[in-house]
1. Going by the structure shown, is residue A:127 without any contact (Cβ under 8 Å) to a residue 40 or more places away in the chain, away from chain B (no Cβ under 14 Å) and open to solvent by 50 Å² or more (accessible area, probe 1.4 Å)?
2. Please go through the stretch A:1-16 and pick out each residue that is within 7 Å of chain B (Cβ to nearest Cβ) and open to solvent by 20 Å² or more (accessible area, probe 1.4 Å).
3. Checking residue B:117 against (1) within 12 Å of chain A (Cβ to nearest Cβ); (2) at pLDDT 90 or above, only one condition comes out false. Which one?
4. Of the residues A:151, A:187, which single one is closer than 20 Å to residue A:78 by Cβ and not in a loop (DSSP other than H, G, I, E, B)?
5. Count, please, the residues in the stretch A:25-39 that happen to be more than 7 Å from chain B (Cβ to nearest Cβ) and open to solvent by 30 Å² or more (accessible area, probe 1.4 Å).
6. (1) of a type outside the set (D, E, K, R); (2) modelled with pLDDT under 90; (3) open to solvent by less than 40 Å² (accessible area, probe 1.4 Å): which one isn't true of residue B:98, the others all being true?
7. Name the residue that is farthest from the chain's Cα centre (by Cα), counting only residues in the stretch B:40-54 that are surrounded by fewer than 17 Cβ atoms within 10 Å (Cβ to Cβ) and more than 7 Å from every other protein chain (Cβ to nearest Cβ).
8. Of the conditions (1) more than 12 Å from chain A (Cβ to nearest Cβ); (2) surrounded by 17 or more Cβ atoms within 10 Å (Cβ to Cβ), residue B:19 fails just one. Which one is it?
Protein chains: 2
Amino acid sequence: MTSPIDKLIYALGKLPGVGERTATRLAFFLLKSSKQISRDLSEALKDLHEKIKLCQVCCNITQENPCRICSDTRREAHLICVVEEPSDVTAVEKTSSFRGRYHVLHGALSPLDGIGPDDLKVKELLERLKDGGPKELILATNSNVEGDATAFYLSRLFKPLGVRITRLASGIPVGGELEYLDASTLAKALEQRREMS
Amino acid sequence: MTSPIDKLIYALGKLPGVGERTATRLAFFLLKSSKQISRDLSEALKDLHEKIKLCQVCCNITQENPCRICSDTRREAHLICVVEEPSDVTAVEKTSSFRGRYHVLHGALSPLDGIGPDDLKVKELLERLKDGGPKELILATNSNVEGDATAFYLSRLFKPLGVRITRLASGIPVGGELEYLDASTLAKALEQRREMS
């Protein structure tokens, strides 16, 4: 019979970046802390998969259907930001500088991992475009091999539909110093340099 | 209404060393992973405070009473290793070089935090000594101000009972190099130097 503390250490060890030492430290922290902390976390974990659904329009995670962003009439319906994951929606929302809507692909193309277009929410995006409405797709997939390949694939697929396709700019991060920048970012920044006004 | 994912991020953020960014990363990891991982963790957290009790003899955490170590007749009953926390028992057990029993104080003296002898399991240790049996107490509290003060206090309290009182040795960790050692450890190692045979 495994003790509750060993069971907890084992379960915590499944989290990314949490080894046995950290799991042990966290478990004993929880044991010493008030019951409320463990109880809140336990409840939140139980609810996670039970209460969260995918929005029938944008495929983002939501409790309501359609989600709050898709049913918000103040947000521009003709502008769609296409992202890989729900966490990317959170990241873009934090900038407070996007007033359009989203489409969450739930991944990126990755032939090596056997992930093709049918594994992503591409069909759902196609439906939205066929219904009319969207006039611009901002491809905000990650700036890595998979993200770039996905953006390239989507642009080839959707261009014929007469919709404007854009990609997030690549370059030096705000506050970034050239000295510490990796070579590929710097190369992109040079390549995509723009006229100063 | 807070969304399940925000609730989880908030709950994870209560863990030591987990800020908002890490909590967000962990929450989305759990969302993408199989339900089983969240469910196991949720169950383990629920059981933690419900199933764990303190052993009536050594005050270590346990499911049975007395705990498995206290009821193991093969372990020497006259040798008691006194530690601050249940996690210290785990640490000593891992060495496989201690065959006595334990006593867990659940803390160390710390007048600044208002922690006095009555807040620790000192009375319980006194009872064990009065019952006879224990002949040596190894004071294995931490090697810091609070741990040293606690060891000093306990040694003054229990010496008159005619029991042998020892303290863990301080010195250079195995594999440690002098160059990288802090001054106080090196000073202790010098002070407690021993004859070579």
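1. Numbers: without any contact (Cβ under 8 Å) to a residue 40 or more places away in the chain: yes; away from chain B (no Cβ under 14 Å): yes; open to solvent by 50 Å² or more (accessible area, probe 1.4 Å): yes.
For residue A:127, the condition - without any contact (Cβ under 8 Å) to a residue 40 or more places away in the chain, away from chain B (no Cβ under 14 Å) and open to solvent by 50 Å² or more (accessible area, probe 1.4 Å) - is met.
2. Scanning the stretch A:1-16 gives A:3, A:7, A:14, A:16.
3. With respect to (1) within 12 Å of chain A (Cβ to nearest Cβ); (2) at pLDDT 90 or above, residue B:117 is out only on (1).
4. When all the criteria are applied, what remains is A:151.
5. Let us first name the residues in the stretch A:25-39 that are more than 7 Å from chain B (Cβ to nearest Cβ), namely A:25, A:27, A:32-34, A:36, A:39.
Subset that is open to solvent by 30 Å² or more (accessible area, probe 1.4 Å): A:25, A:32, A:34, A:36, A:39.
Residues meeting the conditions: 5.
6. Status for residue B:98: all satisfied but (2).
7. Taking the candidates together, the pick is B:50.
8. (2)
The values are calculated or read from the model by the stated rules, or taken from the named source; none is laboratory data. Computed from a predicted structure; not experimentally measured. Backbone-built Cβ (ideal geometry, glycine too); neighbour counts: all protein chains shown. Calculation scope for accessible area: heavy atoms of the full protein, side chains included, ligands and nucleic acids excluded. Shrake-Rupley method; radii C 1.70, N 1.55, O 1.52, S 1.80 Å.
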